[in-house]
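Below: one structure, written as structure tokens.
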Amino acid sequence: MRISALPGVPRWAAVAAHAVPPAVLPSGLWRLALAAGLPVTLDAADGTTGPGETVYVVSLSVVSELLAFLTLGLVRPWGEVFPRWMPFLGGRPVNPAAAAGAALAGAAGLCAIAAWGAYAAYAGLGPDIPTSPAQEALLLACYAPLVAWPPLLAAVAVAYRRRRVVDPAPAVRLTDAS
């Protein structure tokens, strides 16, 4: 399998960046199944989720996957030069310190969310999701890959920062990006 990245991007960073979207996908698919009323929990098929909750769950899945795809910008040309189709920014260089800072803040935020989720589960603060053993196994299998998101994002952000801020030789010329 060929993983595309800019010249100068370490192979491990390109692989890590490309691993983030597939790691986030199973949890989004589980939430979409929940919103569709599929039997992923014992009460999913009885229609107890309202339209607002359904919109929230679908939006959370879409936004999570879009944020996961942004990790690819740390190893691809559009992470160094904004694509030309973007209004006001197209063709301009991306501020490497801002991009790396946003990615590291995102990784810290994901760690905080994971820590709160673990604490809430341990303290019994969250909602009790009624599941059968098979449904619980599916839930865990779909959410377990999310544990990889913060460290992968942080590692790729540090590699991006080292490549762009510490060694600022541009890997892409402004005329090459589109």
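Of the whole protein surface, Phe69 contributes about 100 Å² of accessible area at a 1.4 Å probe radius. The H on the amide N of Val81, modeled in the peptide plane, is under 5 Å from the matching H of Val94, each at least 5 residues off or on a different chain. For region 1-94, trypsin sites (Lys or Arg not before Pro) meeting the loop criterion (DSSP other than H, G, I, E, B) and having at most 10 other Cβ atoms within 10 Å: Arg2. Of the listed residues Tyr122, Tyr143, the order by accessible area with a 1.4 Å probe, largest first, is Tyr122, Tyr143.
Each helix, a run of at least 4 DSSP H residues, gives -39500 (n - 2.57); summed and divided by the residues of the chain, these come to -18500 deg cm²/dmol at 222 nm. Only protein heavy atoms count here; under a 1.4 Å probe, Thr54 has an accessible surface of about 40 Å².
How large is the accessible surface per residue of region 1-132, computed with a 1.4 Å probe and reported in Å² as a whole number? Could you put the intermediate results ahead of the total?
Working: 7680 Å² over 132 residues.
Dividing the accessible area of region 1-132 by its residue count gives 58 Å².
Ranking Leu138, Leu66 by solvent-accessible area of protein heavy atoms (1.4 Å probe, all protein chains present), from largest to smallest, gives Leu66, Leu138. Given a 1.4 angstrom probe, I'd like the percentage of the accessible area of the chain that is carbon and sulfur, rounded to a whole number. Here carbon and sulfur together make up 70 percent of the probe-accessible area.
Nearest 10 degrees is fine. How inclined is helix 133-143 to the longest principal axis of the chain, computing both from alpha carbons? That works out to roughly 20 degrees. Computed from Cα positions, the angle between helix 51-70 and the longest principal axis of the chain comes to roughly 30 degrees.
Enter the angle in degrees (range 0 to 90, nearest 10) between the Cα long axis of helix 96-123 and the first principal axis of the Cα atoms of the chain, meaning the one along which they spread out most. Taking Cα atoms only, the helix is inclined about 20 degrees.
Starting from the residue with the highest accessible area, list Asp128, Asp43 in decreasing order, probe 1.4 Å.
On the way: Asp128 140, Asp43 55 Å².
Heavy-atom accessible area, descending, gives Asp128, Asp43.
Computed with every protein chain present, the accessible area of Ile113 is close to 120 Å² [probe 1.4 Å].
The values are calculated or read from the model by the stated rules, or taken from the named source; none is laboratory data. Everything numeric in this text was worked out from a predicted model, so none of it was measured. Neighbour counts are summed over all protein chains in view; Cβ atoms, including those assigned to glycine, are modelled from backbone coordinates with ideal geometry. For accessibility, only protein heavy atoms count, side chains too; no ligands or nucleic acids. Shrake-Rupley method; radii C 1.70, N 1.55, O 1.52, S 1.80 Å.
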